[in-house]
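Student: Next up is a structure, given as structure tokens.
The values are calculated or read from the model by the stated rules, or taken from the named source; none is laboratory data. Owing to the predicted nature of the structure, the values given are computational and were not obtained by experimental measurement. Heads up, the Cβs are rebuilt from the backbone with ideal geometry, glycines too, and the neighbour counts pull from every protein chain shown. Ligands, DNA and RNA are excluded from the accessible area calculation, which covers all protein heavy atoms including side chains. Shrake-Rupley method; radii C 1.70, N 1.55, O 1.52, S 1.80 Å.
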Amino acid sequence: MDSNDRIEIYLPDNSKMEMEKGATVGDLALKISKGLYNHSLAGRVNGELKDLSYTLNNGDKVTIIKDDAPEAHDILLHSASHVMAQAVQDLYPEAKVTIGPAVENKFYYDFDKDPAFTEDDLEKIEARMEEIIEEDLEFERKEISRDEAIQLFKEKNEDYKVEIIQDLDQDEKLSLYQQGDFIDLCRGPHVPSTGKIKAFKLLNTAGAYWRGDSSNKMLSRIYGTAFPSKKELNKYLNFLEEAKKRDHRKIGKELDLFHIDQEVGPGLILWHPKGARILQQIKDYWIKAHIDEDYELVQSPHIGQSNLWKTSGHLDFYSEGMFNPMKIEDDAYYIKPMNCPFHIKIYNSDIRSYRDLPIKYAELGTVYRYEKSGVLHGLMRVRGFTQDDAHIICMPEQLDHEIQKLLEFTFDFLDSFGFSDIDVYISTRSEDKYVGSKEMWEEATNALKSSLDDLKIEYQIDEGEATFYGPKIDMKIRDSLNRDWQCTTIQFDFNLAERFNMEYVDSDGERKQPYMIHRAILGSLERFLGVLIEHTKGNFPVWLAPVQVAVLPISDTQIEEAQKVHKELQKHGIRSELNTTSEPVSAKIRKAETDKIPYMFIIGDREIENETVSVRKHMKGDIGTFKRSEIIDTILEEIANKNRSTKN
RNA sequence: GCCACCCUAGCUCAGCCGGUAGAGCAGCUCUCUCGUAAAGAGCAGGUCAGGAGUUCGAAUCUCCUGGGUGGCUCCA
């Protein structure tokens, strides 16, 4: 055979593979092995994702993407969204297609359809999708000119597609994908044929604005998911189930922690005694930890005059997040959406020397923000919440040290709640919109980076993503279901220092502007407790549990002794609950188990005689009989240790 | 705020096509005094989210309001 008919392909391990000219990615996969071919969805050719049908060129570097590769899932999801769009247009020809990308573990497609899709439509669409998958239609790629594309979609009456194409660059290469008689504008790649979608499910419908802009038309969105196997789909569906079981709103009700009352108002939390106990534990620990870290506790009012918010800039930049003011005599007062102006006022109440710095003001400050009704969500998104707020005011030369201390403190603090898996993001200066000098930004950003580097903490940089007033670190804690929650934020604020004219007198007698860092570790206590509920499934570690020990006499005759044990526990500061109902112990145990109380002390005649207690641990069962002082010490030690780096 | 869906006893839910509300759990009372996840009986508990309309008749159909859920949007 002529060598011109052959091409050489490089595989990821740099080995060479000789192929016939005109061979595709799929041919390559097949040549490597049949098994690989059967599981391959696409290829990465010289770094770019391509279809299996892509024709290879001499010298290409190719990685075959199997269905279990990290990139594979998005491709599969995206292809599934095309199948859904096809099914929708088969069933509802009047529905116009817009866009349908893959998002994390899901895909969606937005349609312009009136009336919008309801959950009841999903079953029908799923059934049609099954048929399309059964037909195993090929995903065929076609390249097309811009004008041809516009013409094609105009003919099809697909105005949204036309709009998308018109907004693309003139010289953009356009590609279409067709399966059966369904054609969509799409960059690709796709799986080779619809049959590759082995398992899928439509999840829910939702409204979504065209191009995410609330001034545009509301479209009808359908969410779904797809996996290379039924097994993986089920795993994902189980995950969703599990998340539902852990929903803090559900557990909050079951454990009687809090409620939101219609008459009080949406987004406003009423903490019941048990929820308040957990909060109080968090607060007590927070205060102690902050005092140990040389923070000064301050306390500020809930409202402030309009001038304050004018100076701070909130009325200019944050008014949409603030509640309407109330008139008091001749002034307008606003409920605080943030604590910072107050802390700054405390700082400014005296001349500050360089010797005073750093000054660190901390407050569990309750703030109120107007959130649109549609975004409210249990404890996670509320209108009134308590920030674990602090402001660090320091000199430039103290920056590195303060940031480093703060980071260490933050990681340790989160660890005591069992959160040790944390993603860190630094947001840097945006090119066009920022206050302060470039030098300040650089100094601050470098302090953030070098402190993280020193602590050997990996982070991602979100270039240009900072707000206009300063660079920041955001942290996301990972919960037991591997979900991320943003809690911690550490933000420089060059704006307020300037606006409020913050100063300190340096050693050379000059008045200088200090750096101000605004930080919250837990973010909002409400939200944090919500995360904690979902993380622990309501099985709180002993130090946080609203009731730590349930004292259960076997029958009424042991109540008196049980009372003694109960008092003894309380004397040690252990939150104990005595069950004096006349039910059988098994019922009392069941009650304590469903209440998720970590320890149960069972007291019968044997225990009275030997001055012991029989101990049962929540979810573990009977752990044996202990001398009372011994088990109390064990529990006290467990409380003191909190739950550093222990996974649930 | 927008789109879709939902709201029945404290909680979880049943109540078909309109005929005027039901269960389990929880609560209360009584009986039982019990050894590691539910003892038995009885009692009480609801303007069916609120309002208006259609109808001889509305938990059920329609509209409005409130609240919630899933999204969108927003997030100094």
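Student: Return the residues of region A:483-512 that are without any contact (Cβ under 8 Å) to a residue 40 or more places away in the chain and not small (Gly, Ala, Ser); say none if nothing qualifies.
Tutor: Across region A:483-512, the qualifying residues are A:486, A:489, A:491, A:508, A:510, A:511.
Student: Of everything in region A:482-511 that's under 21 Å from residue A:404 (Cα atoms) and aromatic (Phe, Trp, Tyr), which residue is surrounded by the fewest Cβ atoms within 10 Å (Cβ to Cβ)?
Tutor: This residue is A:494.
Student: Let me ask something else about it. Being under 21 Å from residue A:522 (Cα atoms) and charged (D, E, K, R): is that true of residue A:254 here? Quick ask: steps written out before the conclusion?
Tutor: On the way: under 21 Å from residue A:522 (Cα atoms): no; charged (D, E, K, R): yes.
Against the criterion (under 21 Å from residue A:522 (Cα atoms) and charged (D, E, K, R)), residue A:254 does not qualify.
Student: Suppose we filter region A:453-489 for residues that are under 27 Å from residue A:248 (Cα atoms) and either among the basic types (Lys, Arg) or not in a strand (DSSP E or B) (or both); how many remain?
Tutor: Adding up the residues that qualify gives 7.
Student: Mind listing just one residue for me: the one in region A:241-281 that is within 10 Å of RNA strand B (Cβ to nearest atom) and in contact with a Ser or Thr (Cβ under 9 Å, 6 or more places away or on another chain) and, of those, most open to solvent (accessible area, probe 1.4 Å)?
Tutor: A:254
Student: Looking at A:159, A:213, which is the one that is open to solvent by 20 Å² or more (accessible area, probe 1.4 Å), within 16 Å of RNA strand B (Cβ to nearest atom), farther than 29 Å from residue A:64 by Cβ and not basic (Lys, Arg)?
Tutor: Numbers: A:159 fails: within 16 Å of RNA strand B (Cβ to nearest atom).
None of the others qualify; the one that does is A:213.
Student: Next question, about the same structure. Can we say residue A:516 is under 24 Å from residue A:289 (Cα atoms) and within 15 Å of RNA strand B (Cβ to nearest atom)?
Tutor: Working: under 24 Å from residue A:289 (Cα atoms): yes; within 15 Å of RNA strand B (Cβ to nearest atom): yes.
In short, yes.
Student: Further question on the same structure: Tell me, yes or no, whether region A:490-505 has at least one residue that is more than 15 Å from RNA strand B (Cβ to nearest atom), of a type outside the set (S, T, N, Q) and assigned to a loop (DSSP other than H, G, I, E, B).
Tutor: Yes: one or more hits.
Student: Out of the residues in region A:609-621 that are open to solvent by 100 Å² or more (accessible area, probe 1.4 Å) and under 18 Å from residue A:595 (Cβ atoms), state the one that is farthest from RNA strand B (Cβ to nearest atom).
Tutor: Step by step, filter region A:609-621, then rank; the result is A:620.
Student: Would you mention how many residues in region A:112-145 are closer than 23 Å to residue A:73 by Cα, within 33 Å of the chain's Cα centre (by Cα) and open to solvent by less than 20 Å² (accessible area, probe 1.4 Å)?
Tutor: 3
Student: Let me ask another. Can you name the condition, by its number, that residue A:606 falls short on among (1) within 7 Å of RNA strand B (Cβ to nearest atom); (2) in contact with an Asp or Glu (Cβ under 8 Å, 6 or more places away or on another chain); (3) open to solvent by 70 Å² or more (accessible area, probe 1.4 Å)?
Tutor: (2)
Student: Looking at A:451, A:480, can you tell me which residue is within 26 Å of residue A:514 (Cβ to Cβ) and touching a residue at least 24 places away in the same chain (Cβ under 8 Å)? Spell out the reasoning first.
Tutor: Numbers: A:480 fails: within 26 Å of residue A:514 (Cβ to Cβ).
Testing whether each residue is within 26 Å of residue A:514 (Cβ to Cβ) and touching a residue at least 24 places away in the same chain (Cβ under 8 Å) leaves just A:451.
Student: So which residues in region A:299-331 are open to solvent by less than 50 Å² (accessible area, probe 1.4 Å), among the hydrophobic types (A, V, I, L, M, F, W, C) and under 30 Å from the mean Cα position of the chain (by Cα), if there are any at all?
Tutor: Scanning region A:299-331 gives A:315, A:322.
Student: Looking only at region A:436-465, which residues are open to solvent by less than 10 Å² (accessible area, probe 1.4 Å) and among the aliphatic types (A, V, I, L, M)?
Tutor: If we filter region A:436-465 for residues that are open to solvent by less than 10 Å² (accessible area, probe 1.4 Å), which is where we start, we get A:441, A:444, A:447-448, A:451-452.
Within region A:436-465, A:444, A:447, A:448, A:452 meet the criteria.
Student: State which residue is nearest to residue A:271 (Cα to Cα) when the search covers only region A:524-560 and only residues that are within 12 Å of RNA strand B (Cβ to nearest atom), in a helix (DSSP H, G or I) and out of contact with any strand residue (DSSP E or B) (no Cβ under 8 Å at 6 or more places or on another chain).
Tutor: A:530
Student: Can you name the residue in region A:98-124 that is modelled with pLDDT under 90 and β-branched (Val, Ile, Thr) and, of all such residues, is nearest to residue A:208 (Cα to Cα)?
Tutor: A:99
Student: Counting only residues that are within 29 Å of residue A:508 (Cβ to Cβ) and away from RNA strand B (no atom under 16 Å from the Cβ), give me the helices (runs of 4 or more DSSP H) lying completely in region A:298-358 with at least 1 of them.
Tutor: Working: elements: A:306-312, A:314-317, A:340-348.
Output list reads A:340-348.
Student: Follow-up. Return the total of residues in region A:163-183 being over 15 Å from residue A:86 (Cα atoms) and in contact with a Leu (Cβ under 9 Å, 6 or more places away or on another chain).
Tutor: So the count comes out to 5.
Student: In addition: How many residues are touching a strand residue (DSSP E or B) at 6+ places or on another chain (Cβ under 9 Å) and on the phi > 0 side of the Ramachandran plot if we restrict to region A:200-233? Please lay out each step first, then the result.
Tutor: So the first thing to find is which residues in region A:200-233 are touching a strand residue (DSSP E or B) at 6+ places or on another chain (Cβ under 9 Å), and the list is A:200-210, A:215-233.
Next cut, on the phi > 0 side of the Ramachandran plot only: none.
Final tally of qualifying residues: 0.
Student: Let me ask you something else. Quickly run through region A:1-49 and pick out the residues that are open to solvent by 10 Å² or more (accessible area, probe 1.4 Å) and among the polar types (S, T, N, Q).
Tutor: Correct list: A:3, A:4, A:14, A:15, A:24, A:33, A:38, A:46.
Student: Also: Do any helices (runs of 4 or more DSSP H) entirely within region A:94-186 hold 3 or more residues that are over 24 Å from residue A:233 (Cβ atoms) and free of Cβ contacts under 8 Å to residues at least 40 places away in the same chain, and if so, which? Walk me through it before giving the result.
Tutor: Numbers: elements: A:119-135, A:146-155, A:159-167.
So the answer is A:146-155, A:159-167.
Student: Still on this structure, I have one more. Tell me, yes or no, whether region A:628-639 has at least one residue that is more than 10 Å from RNA strand B (Cβ to nearest atom), crowded, with 16+ Cβ neighbours inside 10 Å and of a type in the set (Lys, Arg).
Tutor: For region A:628-639, residues more than 10 Å from RNA strand B (Cβ to nearest atom), crowded, with 16+ Cβ neighbours inside 10 Å and of a type in the set (Lys, Arg): present.
Student: Is it true that some residue in region A:561-568 is at pLDDT 95 or above, touching a Gly at 6+ places or on another chain (Cβ under 8 Å) and away from RNA strand B (no atom under 16 Å from the Cβ)?
Tutor: no
Student: Let me ask another. Please specify each residue of region A:190-200 satisfying the condition of being open to solvent by less than 10 Å² (accessible area, probe 1.4 Å) and in contact (Cβ under 8 Å) with a residue 40 or more places away in the chain.
Tutor: Those that are open to solvent by less than 10 Å² (accessible area, probe 1.4 Å) and in contact (Cβ under 8 Å) with a residue 40 or more places away in the chain: A:190, A:191, A:194, A:197.
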